[in-house]
Structures are given as C-alpha cells and as structure tokens.
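These notes concern the structure reproduced below.
Bear in mind these aren't lab numbers, they're just calculated from the coordinates by the rules spelled out. Every value quoted in this text rests on a predicted model; they were computed, and no experiment measured them. Reconstructed Cβ throughout: ideal geometry from the backbone, glycine too, with neighbour counts over all protein chains shown.
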Amino acid sequence: MYSNKDKAKEMKDLGCFSEVKQCPTRYVLAVNDTLNVISGKWKLSIIASLIHGKKRFKELERSIEGITPRMLSKELKELEINGVVKRLVHNTRPVLIEYELTESGYRLTDVIDAMIQWGLAHRQAYMSE
C-alpha cells in the first residue's frame with residue numbers, strides 16, 4: 001500500500017509544486033500529463049476498484065458495471081504501460097493472473113477521494129433543487 005513514509009517522500013520530491021503553480025505553462029502541462037494517464041470512461045473506475053486490493057480479471061469485470069471484457073483488457077494494458085497498474089502472473093496451474101496498483105497508482109487515492117467528495121456535494125446541491 002501507500003504509507004505515510006511514501007507520502008512524506010513524495011511531498012519532498014514535489015518540492016517544485018509551488019513553482020509549477022506559478023508557471024501557467026508548466027501547470028497546464030502537469031494537468032495534461034495526469035489527464036493523459038487517467039482519462040477515459042473506465043480508467044478511474046478500474047483504479048478505484050483496485051484501491052481495495054489485488055483482483056483477477058473477472059473480479060474487476062464484475063465490480064465495474066457495464067464494462068466489456070475487451071474494453072477492460074484494453075484499459076488495463078494502457079494503465080500498465082503508464083505505470084499505474086501491475087499485472088502479476090503466478091506460476092500455477094491454471095495460470096493465475098492478478099492486477100494491482102503500483103505505488104504511482106496508489107498516489108491517485110487522494111484524487112479519487114476528492115472527486116468522490118465533490119461528486120457527492122454536487123449531486124446533493126443539484127438534486128435538492
């Protein structure tokens with residue numbers, strides 16, 4: 001998982017974050033880098049499902065309503081290429097394949113939590129009208 005020690009190291013490594021916020025070009029570039037990795041209808045759902053631990057392909061498919069096996073496979077490959085998801089192949093019979101988040105993937109937890117909080121507040125504000 002993603003420990004407090006990891007968070008402290010990340011904050012130290014992101015020492016230039018305040019500098020990036022001061023430069024509109026670098027700021028937009030950083031936002032675009034993030035969106036290029038997590039954009040799409042299914043990627044955040046896959047990441048959110050894997051936050052709770054390793055899952056096999058069928059478990060992921062069942063946990064994400066409406067995703068097709070072909071789309072799940074495609075999105076998992078892209079997330080693996082971008083270093084967000086790790087594919088674990090166990091040398092068993094039959095072969096067991098699991099997916100889990102990398103350290104980089106776990107760092108998206110705060111982003112997803114913030115999106116959930118915003119979504120709940122937004123829904124409440126506009127559904128109550």
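Looking across segment 21-59 at every residue that is of a type in the set (D, E, K, R) and surrounded by 12 or more Cβ atoms within 10 Å (Cβ to Cβ), the one that is farthest from the chain's Cα centre (by Cα) is identified as R26. Inside segment 20-74, residues that are among the aliphatic types (A, V, I, L, M) and outside any helix (DSSP H, G or I) make up a count of 3.
Got a number for residues in segment 77-105 being in a helix (DSSP H, G or I), of a type outside the set (V, I, T) and more than 14 Å from A48 (Cβ to Cβ)? Break it down stepwise before answering.
Of segment 77-105, the ones in a helix (DSSP H, G or I) are 77-81, 103-105.
Then drop every residue that is not of a type outside the set (V, I, T), which leaves 77-80, 103-105.
This time we only want the ones that are more than 14 Å from A48 (Cβ to Cβ), so: 77-78, 80, 103-104.
Within segment 77-105, residues that are in a helix (DSSP H, G or I), of a type outside the set (V, I, T) and more than 14 Å from A48 (Cβ to Cβ) number 5.
Among the residues of segment 47-61, the ones that are of a type in the set (D, E, K, R) and over 13 Å from L96 (Cα atoms) come to 1 in all.
When the residues of segment 38-58 are filtered to those that are free of Cβ contacts under 8 Å to residues at least 60 places away in the same chain and touching a helix residue (DSSP H, G or I) at 6+ places or on another chain (Cβ under 8 Å), the one that is farthest from R87 (Cα to Cα) is G40. Candidates are the residues of segment 87-129 that are of a type in the set (S, T, Y) and in contact (Cβ under 8 Å) with a residue 24 or more places away in the chain; the one that is surrounded by the fewest Cβ atoms within 10 Å (Cβ to Cβ) is T109.
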